[in-house]
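Only one structure is covered here, and it is reproduced in the block below.
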Amino acid sequence: MRALPILSALLVCGSIAFSAPLHAQSGQPFDRDGWYTWQVEAIDDAPSWCCYAKAHGSATTVGCDLDGKTHSYGASSDFPYDMTTVRVFARSERGRLTRVRAVAADCPVTGGGNVNDLGDVAAAESVTWLMPVVEDRNSVSRDALAAIAVHKGDAAFAALEQTARTDAHFRNRKAAVFWLGQVRIGEGGELLRELMRKDDSIDMRKHAVFSYSQSAAPDRESALMAIVEDSGMASADRKNALFWVVQTDSSDSIDYIQQLLTVDD
(Lines give C-alpha, C1' and ligand atoms only; values in the text may rest on other atoms or scores of the structure.)
Protein backbone atom coordinates (compact mmCIF):
# COMPACT_ATOMS: atom_id res chain seq x y z
CA MET A 1 0.00 0.00 0.00
CA ARG A 2 1.44 3.29 -1.02
CA ALA A 3 1.80 6.03 1.59
CA LEU A 4 -0.78 8.79 1.29
CA PRO A 5 0.53 12.31 0.74
CA ILE A 6 1.12 14.51 3.73
CA LEU A 7 -1.64 17.11 3.69
CA SER A 8 -0.49 19.62 6.28
CA ALA A 9 1.25 20.06 9.62
CA LEU A 10 0.01 20.87 13.09
CA LEU A 11 1.94 22.26 16.05
CA VAL A 12 1.04 20.84 19.42
CA CYS A 13 1.51 21.66 23.06
CA GLY A 14 0.20 20.45 26.38
CA SER A 15 -1.10 16.96 27.05
CA ILE A 16 -4.26 14.96 26.65
CA ALA A 17 -6.27 13.68 29.62
CA PHE A 18 -8.59 10.70 29.30
CA SER A 19 -11.55 10.13 31.57
CA ALA A 20 -12.27 6.65 32.83
CA PRO A 21 -13.65 4.44 30.05
CA LEU A 22 -17.38 4.82 29.59
CA HIS A 23 -19.65 1.91 28.83
CA ALA A 24 -20.33 2.06 25.10
CA GLN A 25 -24.08 1.67 24.67
CA SER A 26 -25.90 0.90 21.43
CA GLY A 27 -26.83 4.03 19.53
CA GLN A 28 -24.85 7.22 20.00
CA PRO A 29 -23.38 7.61 23.51
CA PHE A 30 -22.43 11.27 23.10
CA ASP A 31 -24.68 12.63 25.82
CA ARG A 32 -22.48 15.55 26.83
CA ASP A 33 -20.44 18.11 24.97
CA GLY A 34 -16.74 17.55 24.46
CA TRP A 35 -14.31 15.15 22.84
CA TYR A 36 -14.80 11.40 22.78
CA THR A 37 -12.41 8.69 21.68
CA TRP A 38 -12.63 4.99 20.97
CA GLN A 39 -10.58 2.29 19.31
CA VAL A 40 -11.60 -0.11 16.53
CA GLU A 41 -9.80 -2.79 14.57
CA ALA A 42 -8.33 -1.40 11.34
CA ILE A 43 -8.21 -2.93 7.88
CA ASP A 44 -5.01 -4.64 6.82
CA ASP A 45 -2.33 -2.27 5.51
CA ALA A 46 -4.20 0.82 6.68
CA PRO A 47 -2.20 4.05 6.23
CA SER A 48 -0.49 5.12 9.47
CA TRP A 49 -2.34 8.38 9.93
CA CYS A 50 -0.96 11.06 12.21
CA CYS A 51 -0.04 14.77 11.90
CA TYR A 52 3.30 15.78 10.49
CA ALA A 53 5.50 18.69 9.53
CA LYS A 54 7.94 18.57 6.65
CA ALA A 55 11.51 19.81 6.68
CA HIS A 56 14.03 19.44 3.85
CA GLY A 57 11.77 16.98 2.05
CA SER A 58 11.31 14.65 5.02
CA ALA A 59 8.48 14.35 7.51
CA THR A 60 8.96 15.27 11.13
CA THR A 61 6.26 14.08 13.49
CA VAL A 62 4.57 16.64 15.70
CA GLY A 63 1.44 14.75 16.70
CA CYS A 64 -2.17 15.90 16.45
CA ASP A 65 -3.70 18.73 18.45
CA LEU A 66 -7.44 18.38 19.02
CA ASP A 67 -7.63 22.10 19.76
CA GLY A 68 -6.00 23.03 16.46
CA LYS A 69 -8.05 24.81 13.82
CA THR A 70 -7.15 22.46 11.02
CA HIS A 71 -8.29 18.86 10.64
CA SER A 72 -5.63 17.95 8.08
CA TYR A 73 -3.44 14.93 8.58
CA GLY A 74 -1.86 12.20 6.51
CA ALA A 75 0.50 9.24 6.42
CA SER A 76 4.24 9.08 6.01
CA SER A 77 6.60 6.19 5.44
CA ASP A 78 9.08 8.08 7.62
CA PHE A 79 6.90 7.37 10.67
CA PRO A 80 5.22 3.96 10.34
CA TYR A 81 2.84 4.12 13.28
CA ASP A 82 0.97 0.97 14.23
CA MET A 83 -2.34 1.06 12.36
CA THR A 84 -3.62 -2.38 13.31
CA THR A 85 -5.92 -0.38 15.54
CA VAL A 86 -7.41 2.98 14.64
CA ARG A 87 -8.28 5.53 17.29
CA VAL A 88 -11.24 7.74 16.44
CA PHE A 89 -11.64 11.17 18.04
CA ALA A 90 -14.99 12.94 17.73
CA ARG A 91 -16.28 16.16 19.22
CA SER A 92 -19.90 16.25 20.37
CA GLU A 93 -21.91 19.45 20.56
CA ARG A 94 -25.54 19.14 21.69
CA GLY A 95 -25.56 15.48 20.81
CA ARG A 96 -24.16 15.92 17.28
CA LEU A 97 -20.63 15.15 16.16
CA THR A 98 -19.05 18.31 14.77
CA ARG A 99 -15.45 17.14 14.30
CA VAL A 100 -13.98 13.72 13.51
CA ARG A 101 -10.41 12.55 13.23
CA ALA A 102 -9.03 9.02 12.86
CA VAL A 103 -5.37 8.33 13.64
CA ALA A 104 -3.08 5.40 14.36
CA ALA A 105 -3.55 4.15 17.89
CA ASP A 106 -0.02 5.23 18.89
CA CYS A 107 -0.07 8.60 17.11
CA PRO A 108 0.68 11.32 19.72
CA VAL A 109 -2.47 13.35 20.40
CA THR A 110 -2.80 16.40 22.65
CA GLY A 111 -5.49 18.88 23.63
CA GLY A 112 -9.21 18.38 23.84
CA GLY A 113 -9.48 18.76 27.60
CA ASN A 114 -10.90 15.79 29.46
CA VAL A 115 -11.50 13.35 26.60
CA ASN A 116 -14.23 10.78 27.23
CA ASP A 117 -12.81 7.34 26.51
CA LEU A 118 -15.28 4.75 25.20
CA GLY A 119 -12.63 2.04 25.06
CA ASP A 120 -12.65 -0.72 22.46
CA VAL A 121 -15.69 -0.63 20.19
CA ALA A 122 -16.84 -3.06 17.50
CA ALA A 123 -16.24 -1.64 14.03
CA ALA A 124 -19.88 -2.07 13.03
CA GLU A 125 -21.06 -0.05 16.03
CA SER A 126 -18.52 2.67 15.33
CA VAL A 127 -19.83 2.91 11.77
CA THR A 128 -23.37 3.45 13.08
CA TRP A 129 -22.08 6.35 15.18
CA LEU A 130 -20.25 7.95 12.25
CA MET A 131 -22.81 7.54 9.46
CA PRO A 132 -25.13 10.30 10.79
CA VAL A 133 -22.19 12.66 10.34
CA VAL A 134 -21.93 11.59 6.69
CA GLU A 135 -25.66 12.07 6.25
CA ASP A 136 -25.41 15.64 7.60
CA ARG A 137 -23.58 16.39 4.32
CA ASN A 138 -21.14 19.03 5.49
CA SER A 139 -17.36 19.40 5.58
CA VAL A 140 -17.09 16.94 8.47
CA SER A 141 -18.78 14.26 6.36
CA ARG A 142 -15.54 13.64 4.47
CA ASP A 143 -13.58 13.23 7.73
CA ALA A 144 -16.14 10.69 8.88
CA LEU A 145 -15.89 8.79 5.59
CA ALA A 146 -12.10 8.71 5.90
CA ALA A 147 -12.46 7.23 9.38
CA ILE A 148 -15.00 4.66 8.21
CA ALA A 149 -12.73 3.69 5.32
CA VAL A 150 -10.08 2.25 7.65
CA HIS A 151 -12.55 0.33 9.85
CA LYS A 152 -12.22 -3.40 9.41
CA GLY A 153 -15.26 -5.39 8.35
CA ASP A 154 -18.31 -5.56 6.13
CA ALA A 155 -20.23 -2.73 7.79
CA ALA A 156 -17.59 -0.15 6.82
CA PHE A 157 -17.42 -1.36 3.23
CA ALA A 158 -21.21 -1.38 2.96
CA ALA A 159 -21.35 2.22 4.22
CA LEU A 160 -18.78 3.34 1.65
CA GLU A 161 -20.53 1.45 -1.14
CA GLN A 162 -23.92 2.92 -0.27
CA THR A 163 -22.46 6.43 -0.13
CA ALA A 164 -20.60 5.99 -3.42
CA ARG A 165 -23.69 4.74 -5.20
CA THR A 166 -26.58 6.75 -3.83
CA ASP A 167 -25.62 9.71 -1.65
CA ALA A 168 -27.41 12.86 -2.77
CA HIS A 169 -24.34 14.96 -1.99
CA PHE A 170 -21.80 14.66 -4.82
CA ARG A 171 -18.87 15.50 -2.55
CA ASN A 172 -19.76 12.55 -0.33
CA ARG A 173 -19.90 10.24 -3.32
CA LYS A 174 -16.50 11.48 -4.47
CA ALA A 175 -14.97 11.00 -1.02
CA ALA A 176 -16.32 7.46 -0.74
CA VAL A 177 -15.00 6.58 -4.20
CA PHE A 178 -11.60 8.08 -3.36
CA TRP A 179 -11.23 6.03 -0.18
CA LEU A 180 -12.41 2.85 -1.87
CA GLY A 181 -9.55 3.30 -4.30
CA GLN A 182 -6.96 4.30 -1.71
CA VAL A 183 -7.50 1.74 1.03
CA ARG A 184 -10.16 -0.81 0.00
CA ILE A 185 -9.45 -1.56 -3.65
CA GLY A 186 -9.61 -5.31 -3.03
CA GLU A 187 -13.25 -5.02 -2.02
CA GLY A 188 -14.09 -1.91 -4.00
CA GLY A 189 -12.50 -2.61 -7.38
CA GLU A 190 -15.62 -4.07 -8.96
CA LEU A 191 -17.70 -1.09 -7.84
CA LEU A 192 -15.17 1.43 -9.16
CA ARG A 193 -14.99 -0.35 -12.52
CA GLU A 194 -18.76 -0.17 -12.72
CA LEU A 195 -18.81 3.54 -11.88
CA MET A 196 -16.07 4.25 -14.44
CA ARG A 197 -18.26 2.89 -17.20
CA LYS A 198 -21.89 3.16 -16.17
CA ASP A 199 -22.50 6.02 -13.77
CA ASP A 200 -24.95 8.60 -15.09
CA SER A 201 -22.66 11.47 -14.13
CA ILE A 202 -19.68 12.17 -16.38
CA ASP A 203 -18.00 13.85 -13.42
CA MET A 204 -18.36 10.69 -11.35
CA ARG A 205 -17.08 8.53 -14.20
CA LYS A 206 -14.03 10.80 -14.40
CA HIS A 207 -13.51 10.66 -10.65
CA ALA A 208 -13.83 6.88 -10.55
CA VAL A 209 -11.17 6.60 -13.27
CA PHE A 210 -8.91 8.91 -11.27
CA SER A 211 -9.46 6.88 -8.10
CA TYR A 212 -8.73 3.62 -9.88
CA SER A 213 -5.59 5.04 -11.48
CA GLN A 214 -4.29 6.05 -8.03
CA SER A 215 -5.07 2.69 -6.45
CA ALA A 216 -2.94 -0.41 -6.02
CA ALA A 217 -5.27 -2.49 -8.22
CA PRO A 218 -3.18 -5.02 -10.14
CA ASP A 219 -5.23 -4.38 -13.28
CA ARG A 220 -5.37 -0.60 -13.06
CA GLU A 221 -3.53 0.00 -16.34
CA SER A 222 -5.41 -2.67 -18.29
CA ALA A 223 -8.79 -1.49 -16.94
CA LEU A 224 -8.07 2.06 -18.12
CA MET A 225 -6.73 0.86 -21.46
CA ALA A 226 -9.95 -1.10 -21.99
CA ILE A 227 -11.92 2.13 -21.69
CA VAL A 228 -9.58 3.90 -24.13
CA GLU A 229 -10.22 1.16 -26.67
CA ASP A 230 -13.97 0.89 -26.13
CA SER A 231 -15.64 2.64 -29.08
CA GLY A 232 -18.95 2.39 -27.26
CA MET A 233 -17.76 4.78 -24.56
CA ALA A 234 -18.12 8.54 -24.89
CA SER A 235 -15.10 10.31 -26.36
CA ALA A 236 -14.64 12.35 -23.18
CA ASP A 237 -14.48 9.18 -21.09
CA ARG A 238 -11.92 7.59 -23.40
CA LYS A 239 -9.75 10.73 -23.39
CA ASN A 240 -9.89 10.89 -19.60
CA ALA A 241 -8.87 7.25 -19.28
CA LEU A 242 -5.98 7.83 -21.69
CA PHE A 243 -4.81 10.79 -19.61
CA TRP A 244 -4.62 8.63 -16.49
CA VAL A 245 -2.94 5.78 -18.36
CA VAL A 246 -0.15 8.24 -19.13
CA GLN A 247 -0.03 9.42 -15.52
CA THR A 248 0.47 5.93 -14.08
CA ASP A 249 3.94 6.00 -15.70
CA SER A 250 4.31 2.23 -15.45
CA SER A 251 6.24 0.12 -17.95
CA ASP A 252 2.94 -1.27 -19.26
CA SER A 253 1.48 2.20 -19.78
CA ILE A 254 4.65 3.44 -21.49
CA ASP A 255 4.60 0.45 -23.87
CA TYR A 256 0.93 1.09 -24.56
CA ILE A 257 1.45 4.76 -25.41
CA GLN A 258 4.36 3.88 -27.68
CA GLN A 259 2.14 1.38 -29.45
CA LEU A 260 -0.54 4.02 -29.96
CA LEU A 261 2.02 6.41 -31.40
CA THR A 262 3.41 3.88 -33.85
CA VAL A 263 2.42 4.72 -37.40
CA ASP A 264 2.58 1.96 -39.98
CA ASP A 265 4.50 2.84 -43.12
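The values are calculated or read from the model by the stated rules, or taken from the named source; none is laboratory data. Everything numeric in this text was worked out from a predicted model, so none of it was measured. All Cβ positions, glycine included, derive from the backbone under ideal geometry; neighbour counts span all protein chains shown. These area figures cover heavy atoms from the full protein model, side chains too; ligands, DNA and RNA do not enter into them. Shrake-Rupley method; radii C 1.70, N 1.55, O 1.52, S 1.80 Å.
Applying the criteria of a DSSP loop state and at most 16 other Cβ atoms within 10 Å to the trypsin sites (Lys or Arg not before Pro) of the stretch 106-176 yields 137. Ordered by 1.4 Å accessible area with all protein chains kept, 148, 257 run largest first as 257, 148. Taken about its Cα centre, the stretch 112-175 carries a charge dipole of about 420 debye when Lys and Arg each add +1 at the Cβ and Asp and Glu each add -1 at the Cβ. Can you give the translational diffusion coefficient of the chain in µm²/s, computed by Stokes-Einstein from the Kirkwood radius over Cα pairs at 25 °C and 0.890 mPa s? In µm²/s, the coefficient rounds to 125. Rolling a 1.4 Å probe over the protein heavy atoms of the chain, with every protein chain left in place, gives an accessible area that is 49 percent carbon and sulfur. Which whole-number percent is the relative contact order of the chain (Cα, under 8 Å, 6+ apart)? Worked out over the chain, it gives 17 percent.
What length, rounded to one decimal in nm, is gained on full extension from residue 62 through to residue 124, with 0.36 nm per residue of separation minus their alpha-carbon distance?
Contour length minus Cα-Cα distance gives 19.2 nm.
Computed extension length for residue 79-residue 98: 4.0 nm, one decimal, from 0.36 nm per residue of separation with the Cα-Cα distance subtracted.
What is the stretch 121-160's relative contact order, in percent, from Cα pairs under 8 angstrom and six or more apart in sequence? So the answer I get is 45 percent.
Counting only protein chain heavy atoms and rolling a 1.4 Å probe, the accessible areas of 262, 110 rank, largest first, as 262, 110.
Taking the alpha-carbon centroid of each part, what is the distance from the stretch 53-125 to the stretch 158-221 in angstrom? Comparing the Cα centres of the stretch 53-125 and the stretch 158-221, I get a distance of 25 Å. The charge dipole of the stretch 177-265, taken about its Cα centre with unit charges on the Cβ of Lys, Arg, Asp and Glu (plus for the first two, minus for the last two), comes to roughly 360 debye. Here's the picture: charge each Lys and Arg Cβ at +1 and each Asp and Glu Cβ at -1 in the chain, and of 185, 222, 102 the one pushed furthest to the positive end of that dipole is 102.
Antiparallel versus total DSSP beta bridges in the chain: what percent is that, nearest 5?
If we restrict to bridges inside the chain, about 75 percent are antiparallel.
Size descriptors for the stretch 169-253: radius of gyration and Dmax over Cα atoms are 11.7, 38 Å. Size descriptors for the stretch 62-156, from the alpha-carbon set: Rg then Dmax equal 13.0, 39 Å.
Once you divide the Cα radius of gyration of the stretch 111-265 by 2.2 N^0.38 Å, the number left is 1.23. Positive end of the charge dipole of the stretch 36-128 (Lys, Arg +1 and Asp, Glu -1 on Cβ, about the Cα centre): tell me which of 68, 37, 127 has its Cα farthest that way. The listed residue farthest towards the positive side: 68.
When the Cα positions of 168, 146, 209 are compared along the charge dipole of the stretch 114-265, 168 comes out farthest toward the positive end, with charges on each C-beta of Lys, Arg, Asp and Glu. Computed from point charges on the beta carbon alone (+1 for Lys and Arg, -1 for Asp and Glu), the dipole magnitude for the chain about its Cα centre is near 960 Debye. Would you mind classifying the stretch 159-200 by shape? Square roots of the alpha carbon gyration tensor eigenvalues, ordered a ≥ b ≥ c; an a/c under 1.5 is rounded, otherwise it is prolate if a/b is larger than b/c and oblate if not. Oblate is the answer for the stretch 159-200, as a/c is 1.5 or above yet b/c matches or exceeds a/b. Of the trypsin sites (Lys or Arg not before Pro) found in the stretch 49-129, those that fall in a DSSP loop while having at most 15 other beta-carbon atoms within 10 Å are 69, 94. Taking every alpha-carbon pair under 8 Å whose residues sit at least 6 apart, the stretch 198-265 reaches a relative contact order of 28 percent.
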